[in-house]
Structure formats: structure tokens, C-alpha cells
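Encoded as C-alpha cells, the structure appears first; notes follow it.
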Amino acid sequence: MVGANDVFRLSAGLKRDPAVDTWLTDRPAELRPIVQKWFTRMRQCGDDVRDLLHDGCPVACVEDAPFGYVNAFKTHVNVGFFYGAMLEDPAGLLEGSGKRMRHVKLDPGREFNAGALGNLIDAAYLDIKVRLSADGPSSEA
């Protein structure tokens, strides 16, 4: 059952946080198009998506509940999901062994299933909406 104990919350998300835009444009040239493309894809999930920087990377939320993030490393990008362990992943893109979080590792120039990644983003967005409806309204506006 999904409920209050299943929803991690963050505060201070904005419809479009300028700090996130700065982060997205300040990445190395080789990684910039990847982080921008996939975070934009998260933002496009719905009018209720908010974003913020958390632990040094852009996070996409519904209300104050995060569902996805992007992070750039020296040679690759991670597109991550806060409840990724609970997502269906028929293409086998998800990596990680944590209790909840999973990520997809993207290397510049390496082919991957972009459609499947888009499906994971959609699934993560829908999953957090279900979690929020089971949890009830947020105490923060």
C-alpha cells in the first residue's frame, strides 16, 4: 500500500527555478545537451511539475514530492528516479541497488533506448501522483 511513509518531501520547489536553469547551462559542453534534454522532458510531464536543486543537482517534483533528477559526472549523466525500484523497466535501463532509488546512466555518443527512458520518466511522474493522492494534500503550499 502506498501512503504517508512512502513519500519523501522537499521544500522550495518553483515552477521553473532559475538556479536549475543555471545548473543546466553550466555543465560541460559534452554533457550539457543530455542534462538539458532529459530534465526538460521531466518538466514537460505536467503543469504541476516543480523543480529545485537538491544535493547539488536538478530535481523534478509534483508539489513537494520528488520523482526524478539529472546529474552530470565527469564522463556521463545519470537520469534518476526517487522510486525507481518500484518502476516497471522492460528495457532493463535502470541501475542501482538502493531500497528505492534507481538511475539510467547515459554516456555521450553511446546509443540507448530513448523511448524507454521517456516511458520511465512518465511512469515516475504518474507514480508520484498516485503516492501523493494516497498520502493526502501536502501541508505546504
Show me the trypsin sites (Lys or Arg not before Pro) within the range 88-139 that DSSP assigns to loop and that have at most 16 other Cβ atoms within 10 Å of their Cβ. LYS99, ARG100, ARG110
Considering the values (1) 1.29; (2) 1.00; (3) 1.19, which represents Cα Rg over 2.2 N^0.38 Å as calculated for the structure under consideration? (2)
Using Cα-Cα distances under 8 Å and only pairs 6 or more residues apart, what relative contact order does the chain have, in percent? 25
Count neighbours as other Cβ atoms within 10 Å of each site's Cβ, and list the trypsin sites (Lys or Arg not before Pro) in the range 41-98 that are DSSP loop with at most 14 such neighbours. LYS74
Fluctuation leader among GLU30, GLU111, GLU63 - the chain, Gaussian network, Cα springs under 10 angstrom: GLU111
Given labels modelled 7 Å from the Cα in the Cβ direction, how far is it in nm from ALA19 to LYS105? 2.9
Note on the chain: helices (DSSP H) long enough, at least 30 Å by alpha carbon along their axis, and hydrophobic enough, mean Kyte-Doolittle at least 0.5, are 114-135
Show that you can apply the helix-only estimate: for the chain, add -39,500 (n - 2.57) for every DSSP H stretch of four or more residues, divide by all residues, and state [θ] at 222 nm to the nearest 500. -9500 deg cm²/dmol
Test of the criteria: in the range 14-106, which chymotrypsin sites (Phe, Trp or Tyr not before Pro) are in a DSSP loop and have at most 14 other Cβ atoms within 10 angstrom of their Cβ? PHE73
Can you give me the three principal axis dimensions of the range 52-112 from its C-alpha atoms, in Å, biggest first? 34, 26, 18
Probe of 1.4 angstrom, ligands and nucleic acids ignored: what's the accessible area per residue over the chain, in square angstrom? 53
Gaussian network model of the chain, Cα within-10 Å springs - most flexible of GLY13, GLY92, GLY84: GLY92
Spelling it out for ARG50: with amide H atoms placed in the peptide plane at 1.01 Å from N, the residues 5 or more places away or on another chain with amide H under 5 Å from its amide H are CYS61, VAL62, GLU63
Build a GNM of the chain with springs between Cα atoms under 10 Å: which of ASP122, ASP55, ASP107 gets the top mean-square fluctuation? ASP55
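The values are calculated or read from the model by the stated rules, or taken from the named source; none is laboratory data. Being a predicted model, the structure only gives us computed values, none of them experimental. Glycine also receives a Cβ, built like all others from the backbone with ideal geometry; neighbour counts cover every protein chain displayed. Accessible surface areas use protein heavy atoms only, side chains included; no ligands, DNA or RNA. Shrake-Rupley method; radii C 1.70, N 1.55, O 1.52, S 1.80 Å.
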